[in-house]
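Below you'll find the structure, written out as structure tokens, and then a few comments.
The values are calculated or read from the model by the stated rules, or taken from the named source; none is laboratory data. Values in this document were obtained by computation on a predicted structure and should not be read as measured data. We place every Cβ from the backbone using ideal geometry, glycine too, and count neighbours over all the protein chains shown. These area figures cover heavy atoms from the full protein model, side chains too; ligands, DNA and RNA do not enter into them. Shrake-Rupley method; radii C 1.70, N 1.55, O 1.52, S 1.80 Å.
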Amino acid sequence: MNKKVLAAVGVSGLLMAGGVLSASASTSGYDLFKTAVKKTHTINSFTAHTSASLTDNVKEIYQVDSLNTANLKDESGNSTVSVTNGGTTTKVDYFSKANQTVVKSSKDDNYYVKDESEHKKEFKRKEHKDENLSPQMQKDVEAIFDAVTKNYQDKITTSVGANGNTELQLDLSKNQIPAVGQAVVSFFLKNIDQQKDHKEKAEFGSLQLADLKPELPQLKNNINVSRVVLKGVVDKNDYLTGQEATIYVSGEDVNGTHHDLVLKLTNTFDQLNNSKVSGVDLTGKKVVKVQDKHDGHED
């Protein structure tokens, strides 16, 4: 299975986990979903529309919308992303090919070009070689999801729409959410301040990628995942073309203020094996060469 199909659209890893759960309405539904996952991972190109939003006590504090096109054979892609963070909206156009990345943001008029160093090229070649799961690993992953879904199969709805697509849904209340899920979310939110010290340092002129990430309230007490709604769509050709997750979390911050957080993630695939990646013509543009920076070191 090609993991880049999921990585290219950012949120799909989480949505995939949700999709696996939501596919377990019956043995036939579960088998259909596993077939769709395997088939979708073999595509050579795709277009993905991905969005995410985060609300805190009903007020939206973060929103991102992106349109992504990728060709997995030649490792090229382009994305148009709009991020609203703390009331400020930033738009970013991103173009990539095997060994080069070009970034243009609404922050300025420059086109920032980053060429990969030789050791990064070698790392990517090795990563590409190792990214496919072996048949035994695939079998083990399926066994894990079989076990995870065992206690939820009678709570899932499956329906076939008028367009022939299969729609799958799982709606879990607080008491139905596994204890390990509650623990992981609680740990993450309690330690959000430490994660801030390890923010991504990549920057392209006045655009700093760390500034595009949401600022989550640091919850400390009474943290609970109160509801999780997971959805998936498998089309008539057995491709996984729609995914959605809505997660409800509540808790109190260090000052005792109560927060009700709602995170919604959606993703749709289309133009499977038919997407065309558009490049960027830098002729006459203001081009700035940049280098990777990791903890103060340049590659």
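Candidates Gly242, Gly256: the one that is part of a strand (DSSP E or B) and either at pLDDT 90 or above or under 21 Å from Ser106 (Cα atoms) (or both) is Gly242.
Residues in the stretch 85-98 that are out of contact with any Ser or Thr (no Cβ under 8 Å at 6 or more places or on another chain) and surrounded by 17 or more Cβ atoms within 10 Å (Cβ to Cβ): Asn85 only.
Would you be able to say whether some residue in the stretch 126-138 is closer than 30 Å to Glu75 by Cα, modelled with pLDDT of 90 or more, open to solvent by 80 Å² or more (accessible area, probe 1.4 Å) and not small (Gly, Ala, Ser)? No, the stretch 126-138 contains no residue that is closer than 30 Å to Glu75 by Cα, modelled with pLDDT of 90 or more, open to solvent by 80 Å² or more (accessible area, probe 1.4 Å) and not small (Gly, Ala, Ser).
Within the bounds of the stretch 145-156, is there any residue that is open to solvent by 100 Å² or more (accessible area, probe 1.4 Å), basic (Lys, Arg), more than 22 Å from Thr241 (Cα to Cα) and modelled with pLDDT under 70? Checking the stretch 145-156: not a single residue is open to solvent by 100 Å² or more (accessible area, probe 1.4 Å), basic (Lys, Arg), more than 22 Å from Thr241 (Cα to Cα) and modelled with pLDDT under 70.
Only residues that are open to solvent by 50 Å² or more (accessible area, probe 1.4 Å) and of a type in the set (S, T, N, Q) were counted across the stretch 174-189, and they come to 2. With respect to (1) closer than 28 Å to Lys34 by Cα; (2) modelled with pLDDT under 90; (3) not in a strand (DSSP E or B), the lone exception for Lys236 is condition (2). Entry remark, the stretch 157-173: residues being touching a strand residue (DSSP E or B) at 6+ places or on another chain (Cβ under 9 Å), modelled with pLDDT of 85 or more and open to solvent by 70 Å² or more (accessible area, probe 1.4 Å) number 2 in total.
The set of residues from the stretch 34-81 being open to solvent by 20 Å² or more (accessible area, probe 1.4 Å) and in contact with a Pro (Cβ under 8 Å, 6 or more places away or on another chain) comprises Asp56, Ile61, Tyr62.
If you go through the stretch 250-276 and pick out every residue that is farther than 15 Å from Val228 by Cβ, open to solvent by less than 30 Å² (accessible area, probe 1.4 Å) and without any contact (Cβ under 8 Å) to a residue 60 or more places away in the chain, you end up with 1. Just one of Leu216, Leu207, Leu230 is buried (at least 18 other Cβ atoms within 10 Å of the Cβ) and within 30 Å of Thr42 (Cβ to Cβ); which is it? On inspection, the qualifying residue turns out to be Leu230. Scanning the stretch 259-285 for residues that are in contact with a Gly (Cβ under 9 Å, 6 or more places away or on another chain) and in a loop (DSSP other than H, G, I, E, B) yields a total of 1.
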